[in-house]
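Notes follow the structure.
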Amino acid sequence: MSTADLEPQVSALRAMTLIVGRELRLSFRRPEQVLQPLVFFLIVTTLFPLGLSLQLSLLRDMAPGVLWVAALLSSLLSLDALFKGDADDGTLDQLALSGQSLTAIVLAKTASHWLVSGAALVLVSPLVGIALGIPWGVFPTMLGSLALGTLCLSWLGAIGAGLTVGLKRGNVLVSLVVLPLAMPLLIFGAGATDRAAAGISPAGALYLLGSLCVFTCTLAPFAVAAALRITLEG
Amino acid sequence: MWTWFYKLASPPSVYRTATALTPWFMTVALIAIACGLIGGLGFAPPDYQQGDAFRIIYVHVPSAYMSLFCYSAMAVAGAIGLIWRIKMSYALAAATAPIGASFTALALVTGSLWGKPMWGTYWAWDPRLTSELILLFLYAGVMSLRPAFEDPARGDRAAALLSIVGFVNVPIIHFSVQWWNSLHQGSTIAKIGKPSMPGSMLWPLLTMLLGFTCFYAAVVCMRLRGEVLNRERQSAWVREAVKS
């Protein structure tokens, strides 16, 4: 193979936009992949009042934690769609061989995955917020922390999904790998919402969440690309 | 220099070195642990606040230290494997993981046993206990990822990458858990800080730290031998080594 074959045909930015477009189109053609994690999110948040108590005053205290645990679990479910389909039909191998930087490809794929999973979850979360009795004033903090947190979760999840993509029974393993890494997010995210509900400024927690977000967005693409190289080769 | 290094890192040489080093490490470990225990349980004065119950520190602190030490060793060995493609480095990481997880479990158990007389409960969501628990989960993730691959070489690399990601995350987890605790509850529990210890209390602790580290080295050498034999079971030198 000559070096000319390895030269990418389009610029990295163009390739990334193409991938984002493709991913979004694919998920609109298979809406169940987008909707199922959201429905799961709603169901899990329904479980808590049924299992704990129907008193809105009690629920209100637990609401941030419940919301965040449910968001964490449902984001794990949506990870299956990230690489699996493309790995099964060989698209992922072609992308890896395209000569484009795998890091850029992963960046585009995970960003579009967040748009259809994390951002969608943020849009649905007010419903859950109302049902759990979260006061209106807390909604901006809740939405902001969820937006930052789900972006981080998409990245951590992408690492887990990249590591387990070739495995037959990867589902449980992804949770085992990703959940311990995601615990700081839960603490800061639920903490920010908690603080806002208690009338304290949530700025500190939101800043920390934001810095974690920047941190994962910068480093995780490399880790995901390395993970895919490990699982794809051979 | 590099040829020497690669020779040293070849499986037969690793096997021989590990075999030769095991008794030395084990001897030092046993002597140090024996001295530390005698000093800690016999000669150290009882704590003015905690009485004799503080003596569990001589097991608890070294095992908590080893839990982090082993995780770092595992991540560094994994990184060396990924960067320089030294296979034996993966064997070292694989041999270290269960030992580290055991030390983490030991730290948790001794911590909760200590918690019963001091705090009145076996488990408190104390920041250090919680981050130790999360560390145990991280070990569980690494240990279950490796054997999930049919191709052991891929499992090694995947586990190495995961342990590096976890290594970056350990300080974040530690810090976040501390922050979380300061948010949710005040100091209902009298936290045991780091008091300046008198020498008679300190030297057994340092001896125990040395003993635990040497114990890890001895056990990792034993496990490494097993790993090497298992990984190289197709090769001629293993057949000879097993026969003799």
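No value in this document is a laboratory result; all are computed from the given coordinates. All values derive from a computational prediction rather than experimental measurement. All Cβ positions, even for glycine, are placed from backbone atoms using ideal geometry, and neighbour counts span all protein chains on display.
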From phi via Karplus (6.51, -1.76, 1.60), per-residue ³J(HN,Hα) for segment A:103-112 in Hz, x at Gly/Pro: 4, 5, 4, 4, 4, 5, 5, 5, 4, 6
If each of A:SER201 and B:THR19 carries a label point 7 Å out from its Cα toward its Cβ, how far apart are those two points in nm? 6.8
Share of alpha-carbon pairs per 5 Å distance bin for segment B:26-136, given as whole %: 2, 11, 16, 18, 17, 14, 10, 6, 4, 2, 0
Ranking of A:SER117, B:SER63 by count of other Cβ atoms within 10 Å, fewest first: B:SER63, A:SER117
Could you please rank B:ASP126, A:ASP194, placing first whichever residue has the fewest other Cβ atoms within 10 Å of its Cβ? B:ASP126, A:ASP194
At q = 0.10, 0.13, 0.17 Å⁻¹, base-10 log of I(q)/I(0) for chain A (Debye sum, equal scatterers on each alpha carbon): -0.48, -0.77, -1.20
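Where Rh is the Kirkwood radius over the Cα pairs of the protein assembly as shown, the temperature 4 °C and the viscosity 1.567 mPa s, what D in µm²/s does Stokes-Einstein return? Please report the intermediate quantities before stating the final value.
Details: Rh = 24.9 Å.
Translational D for this selection: 52 µm²/s.
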Report the paramagnetic label zone for B:SER144: residues of segment B:55-79 whose backbone N is under 16 Å from a point 7 Å from Cα along the Cα-to-Cβ axis. none
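Just to verify a number: FRET efficiency for A:SER11 and B:ARG128, C-beta to C-beta distance, R0 = 51 Å, to 0.05?
On the way: r = 50 Å, r/R0 = 0.97.
The pair A:SER11/B:ARG128 has a calculated efficiency of 0.55.
Across peptide A:160-172, what mean number of C-beta atoms from other chains lies inside 10 Å of a residue's C-beta? Could you put the intermediate results ahead of the total?
Values: counts 4, 0, 2, 11, 5, 0, 6, 7, 2, 1, 2, 0, 2.
Going residue by residue through A:160-172 and averaging, the value is 3.
Test of understanding: ordering A:ARG30, A:ARG169, B:ARG154 by Cβ neighbours within 10 Å, fewest first, what list do you get?
Numbers: A:ARG30 11, A:ARG169 8, B:ARG154 20.
Fewest-to-most Cβ neighbours within 10 Å comes out as A:ARG169, A:ARG30, B:ARG154.
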Compactness of segment A:15-75 as Cα Rg over 2.2 N^0.38 Å, two decimals: 1.57
Just report the Cα centroid separation between segment B:108-184 and segment A:54-125, whole Å. 24
Overall dimensions of segment A:82-206 as given by Cα atoms, namely Rg and Dmax in Å: 17.2, 53
Env charge @ B:ALA241, Cβ radius under 12 Å, K,R +1 / D,E -1, value +3
How large are Rg and Dmax for segment A:168-234 when only the alpha carbon atoms are used, in Å? 16.1, 55
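What does the convex hull of the alpha-carbon atoms of segment A:71-151 project to on average, in nm²?
Values: hull surface 23.4 nm².
With every direction weighted equally, the projected area is 5.8 nm².
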I need the shape label for chain B. Rule: rounded when a/c is under 1.5, else prolate if a/b > b/c, else oblate, with a, b, c from the alpha carbon gyration tensor. oblate
Computed curve, segment B:92-138, Cα-only Debye sum without solvent term, log₁₀ I(q)/I(0) at 0.19, 0.20 Å⁻¹, is -0.59, -0.64
Let me confirm one metric for peptide A:217-229, namely the mean number of other chain beta-carbon atoms within 10 Å of its residues' beta-carbons. 2
On the formula 1/(1 + (r/R0)^6), with r taken between the Cβ atoms of A:ALA131 and B:LEU113 and R0 of 35 Å, the FRET efficiency rounded to 0.05 is 0.25
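In whole angstrom, how long is each semi-axis of the equivalent ellipsoid of segment B:47-100, when you take the square root of 5 times every eigenvalue of its Cα gyration tensor and sort them from largest down?
Details: eigenvalues 254, 15, 4 Å².
Those come to 36, 9, 5 Å.
Taking every residue in A:181-189, how many Cβ atoms of other protein chains lie within 10 Å of its Cβ, on average? Don't jump to the answer; show the numbers that get you there.
Working: counts 11, 1, 12, 10, 2, 2, 12, 5, 0.
Across the residues of A:181-189, the mean count of other-chain Cβ atoms within 10 Å is 6.
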